[in-house]
1. Using helices alone, what [θ] at 222 nm do you get for the chain, with -39,500 (n - 2.57) per DSSP H run of 4 or more residues, divided over all residues and rounded to the nearest 500?
2. Would you list 46, 11 from fewest to most Cβ contacts within 10 Å?
3. I need the calculated FRET efficiency for the pair residue 76 and residue 36, taking r as the beta carbon distance and R₀ as 25 Å, to the nearest 0.05.
4. Cut-off is 10 Å between beta-carbons; in what order do 81, 70 appear when sorted fewest neighbours first?
5. Rounded, prolate or oblate, given the Cα gyration tensor of the chain, with a/c below 1.5 counting as rounded?
6. Which of 64, 77 has the fewest other C-beta atoms within 10 Å, and how do the rest follow up to the most?
7. Based on the mean of other beta carbon atoms within 10 Å per residue, what is the order of 32-38, 50-56, most packed first?
């Protein structure tokens, strides 16, 4: 796994240019030390219908750090898309 991260820094992959057509929820921890917050905003551009929910005190492990809040957001998203 370490080699994968090392290679990513040297040879940054280009994401596919395909659009995601299903409603998409992106949940992001603002204190993530591994991924830049700008990546969350950029990800929305690959989706036809996307929403970004940020968690100010969460890190890279937002689902583990904010389990109740992320579950609530996910249920709200699923209710809205059915």
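Every number in this text was worked out from the coordinates using simple rules, so none of it is lab data. Just so it is clear, the model here is predicted, and its values are computed rather than measured. Using ideal geometry, Cβ is built from the backbone for each residue, glycine included, and neighbour counts are taken over all protein chains shown.
1. Numbers: 4 runs with 36 residues, N = 82.
Theoretical 222 nm ellipticity from helices: -12500 deg cm²/dmol.
2. Numbers: 46 14, 11 7.
So the residues, fewest neighbours to most, are 11, 46.
3. Numbers: r = 26 Å, r/R0 = 1.05.
Taking R0 as 25 Å, the efficiency between residue 76 and residue 36 is 0.45.
4. Working: 81 11, 70 19.
So the residues, fewest neighbours to most, are 81, 70.
5. Details: a/c = 2.40, a/b = 1.28, b/c = 1.87.
Oblate shape, in that a/c is at least 1.5 and b/c is the bigger or equal ratio.
6. 64, 77
7. Values: 32-38: 11.1, 50-56: 14.7.
Going by the mean number of other Cβ atoms within 10 Å, highest first, we get 50-56, 32-38.
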